[in-house]
């Protein structure tokens, strides 16, 4: 009986340890990025100005580790919400990664397609300068004239 208790206790502690580690993952997962995009779309439809302010300030649950929405005007590509404040106002279509890939144009084009689309490119993690692989889920919110995305680092 004591041996059964010890095995049960060890199993429970191991499961708890894995759950605790999963909650402390340094990067957001694809599922978390997609969930944040869905939440961002709903927030924009409810109150565009408030949502964009929250996105840019990282408030209201719109900043979680390396996950944060970015949005651009569908008519001129100007970024109105960005993960890096220096990008605000820039035309997303002009952005290229260090390999020369026009990821900004790809994000813009992805927003013009139906549904949620994936764009793969190189971009620095928050607070870093070295570009690493990134995948963004991108969609259009036509009612508010924006394309938006949330990216994660695989």
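With 28, 8 as the choices, which residue is surrounded by 10 or more Cβ atoms within 10 Å (Cβ to Cβ) and at pLDDT below 95? Before you say what the answer is, go through the steps one by one.
Working: 28 fails: at pLDDT below 95.
On inspection, the qualifying residue turns out to be 8.
For (1) within 11 Å of the chain's Cα centre (by Cα); (2) part of a loop (DSSP other than H, G, I, E, B), each residue gets a yes or a no:
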site: 62; (1), (2): yes, yes
site: 96; (1), (2): no, yes
site: 106; (1), (2): no, no
site: 118; (1), (2): no, no
site: 154; (1), (2): no, yes
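Each row is one residue, and each column tells you yes or no for (1) without any contact (Cβ under 8 Å) to a residue 40 or more places away in the chain; (2) buried (at least 16 other Cβ atoms within 10 Å of the Cβ); (3) out of contact with any strand residue (DSSP E or B) (no Cβ under 9 Å at 6 or more places or on another chain).
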| position | (1), (2), (3) |
| --- | --- |
| 83 | no, yes, no |
| 98 | yes, no, no |
| 107 | no, yes, no |
| 110 | yes, yes, no |
| 121 | yes, yes, no |
| 125 | no, yes, no |
| 129 | yes, no, yes |
- Message: Looking at segment 38-51, I want the residues that are part of a helix (DSSP H, G or I) and have a partner that is surrounded by fewer than 16 Cβ atoms within 10 Å (Cβ to Cβ) and modelled with pLDDT under 95 with Cβ atoms under 8 Å, at least 6 apart or on another chain. Which pairs are those?
- Response: 45/143
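Scan segment 124-138 and give yes if some residue there is more than 23 Å from residue 61 (Cα to Cα) and either assigned to a loop (DSSP other than H, G, I, E, B) or touching a helix residue (DSSP H, G or I) at 6+ places or on another chain (Cβ under 7 Å) (or both), otherwise no. Explain how you work it out, then say what you get.
First, pick out the residues of segment 124-138 that are more than 23 Å from residue 61 (Cα to Cα): 129-133.
With either assigned to a loop (DSSP other than H, G, I, E, B) or touching a helix residue (DSSP H, G or I) at 6+ places or on another chain (Cβ under 7 Å) (or both) added as a condition, the list becomes 129-130.
Within segment 124-138, one or more residues are more than 23 Å from residue 61 (Cα to Cα) and either assigned to a loop (DSSP other than H, G, I, E, B) or touching a helix residue (DSSP H, G or I) at 6+ places or on another chain (Cβ under 7 Å) (or both).
The values are calculated or read from the model by the stated rules, or taken from the named source; none is laboratory data. Source: prediction; values computed, not measured. So basically every Cβ, Gly included, is an ideal-geometry build from the backbone, and we count neighbours across all protein chains shown.
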